[in-house]
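Step one of this worksheet: look at the structure below.
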Amino acid sequence: MEMTVLTVGKMKDQSLRAGIEAYSSRLSVFCKMQIIEIPEEQLSDKMQAADIEKRRNDEGERILSHLTSEHYVMALSMKGRLWTPKRLSVEMEGLSARGQSQIAFVIGGALGLSEAVLDRSNEQLTISQKVFPHQLARLVLLERVYRAFQLSLGESI
């Protein structure tokens, strides 16, 4: 299985980066994984709603440029359904059984995800009922995916 995490913005926090590297290393046992950082649009306090929407759409276009028709896309969105590691495990097993080997998780930046990205996604999910900064969401996602792989192997978490 190939897993891609498309995320808007660079990881700035060194402690979060260390956690992400640790989970990336653990996940390499289960799948081929890559993290792609999409440049984040610059914001200012004086931006109009139309300017914000244009920047969100620009980020969305950059995200979409990394997706192929073979990707099964899971967009992280507060509007999505809550997925526990167990639910994620069951879904990933089902995708694998159907021959779907390329999964892309998409994490928006401060502006959220464009409608085009949400429309392209096969699923919208949330990993918590709490709102996380998008940088922390990357770490939480990798932890949940790692737990999902453990569950699929029958390991307890």
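Among the residues of the range 42-75 satisfying the criterion of being modelled with pLDDT under 85 and loosely packed, with under 12 Cβ neighbours inside 10 Å, which is farthest from the chain's Cα centre (by Cα)? Working first, answer last.
Filtering the range 42-75 down to residues modelled with pLDDT under 85 leaves 42-47.
Next, from what is left, pick out any that are loosely packed, with under 12 Cβ neighbours inside 10 Å: 42, 44-46.
Values: Gln42: 21, Ser44: 26, Asp45: 27, Lys46: 29 Å.
Result: Lys46.
So Met78 fits all but one of (1) within 13 Å of the chain's Cα centre (by Cα); (2) open to solvent by less than 50 Å² (accessible area, probe 1.4 Å); what number is the exception?
So Met78 meets the others, but not (2).
Out of the residues in the range 29-63 that are among the polar types (S, T, N, Q) and in contact (Cβ under 8 Å) with a residue 24 or more places away in the chain, state the one that is farthest from Gln150 (Cα to Cα). Even if it seems obvious, please write down each step before you answer.
The initial filter retains those residues of the range 29-63 that are among the polar types (S, T, N, Q), namely 34, 42, 44, 48, 57.
Now restrict to residues that are in contact (Cβ under 8 Å) with a residue 24 or more places away in the chain: 34, 57.
On the way: Gln34: 19, Asn57: 36 Å.
So, considering only residues that are among the polar types (S, T, N, Q) and in contact (Cβ under 8 Å) with a residue 24 or more places away in the chain, the one farthest from Gln150 (Cα to Cα) is Asn57.
Name the residue that is most open to solvent (accessible area, probe 1.4 Å), counting only residues in the range 1-28 that are free of Cβ contacts under 8 Å to residues at least 60 places away in the same chain and part of a loop (DSSP other than H, G, I, E, B).
The extreme case among them is Lys10.
Every residue in the range 29-41 that is surrounded by 10 or more Cβ atoms within 10 Å (Cβ to Cβ) and within 30 Å of Gly94 (Cβ to Cβ), please.
Phe30, Cys31, Lys32, Met33, Gln34, Ile35, Ile36, Glu37, Ile38
Residue-wise test of (1) under 10 Å from the mean Cα position of the chain (by Cα); (2) at pLDDT 95 or above; (3) open to solvent by 40 Å² or more (accessible area, probe 1.4 Å).
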{"site": "Gln102", "(1), (2), (3)": "no, yes, yes"}
{"site": "Gly112", "(1), (2), (3)": "no, no, no"}
{"site": "Asp119", "(1), (2), (3)": "no, yes, yes"}
{"site": "Leu136", "(1), (2), (3)": "no, no, yes"}
{"site": "Arg144", "(1), (2), (3)": "no, no, yes"}
{"site": "Ala148", "(1), (2), (3)": "no, no, no"}
{"site": "Leu153", "(1), (2), (3)": "no, no, yes"}
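What about Leu151, is it aliphatic (A, V, I, L, M) and touching a strand residue (DSSP E or B) at 6+ places or on another chain (Cβ under 6 Å)?
On the way: aliphatic (A, V, I, L, M): yes; touching a strand residue (DSSP E or B) at 6+ places or on another chain (Cβ under 6 Å): no.
So Leu151 fails the test.
Could you tell me which numbered condition Met74 fails, if it satisfies all but one of (1) closer than 27 Å to Glu143 by Cβ; (2) in a helix (DSSP H, G or I)?
Exception for Met74: condition (2).
Kindly indicate whether Arg62 is closer than 25 Å to Met92 by Cα and charged (D, E, K, R).
Details: closer than 25 Å to Met92 by Cα: no; charged (D, E, K, R): yes.
In short, no.
The values are calculated or read from the model by the stated rules, or taken from the named source; none is laboratory data. Note that this is a predicted model, so its numbers are computed, not measured. Heads up, the Cβs are rebuilt from the backbone with ideal geometry, glycines too, and the neighbour counts pull from every protein chain shown. Side chains are part of the model used for accessible areas, which takes the heavy atoms of the whole protein and leaves out ligands, DNA and RNA. Shrake-Rupley method; radii C 1.70, N 1.55, O 1.52, S 1.80 Å.
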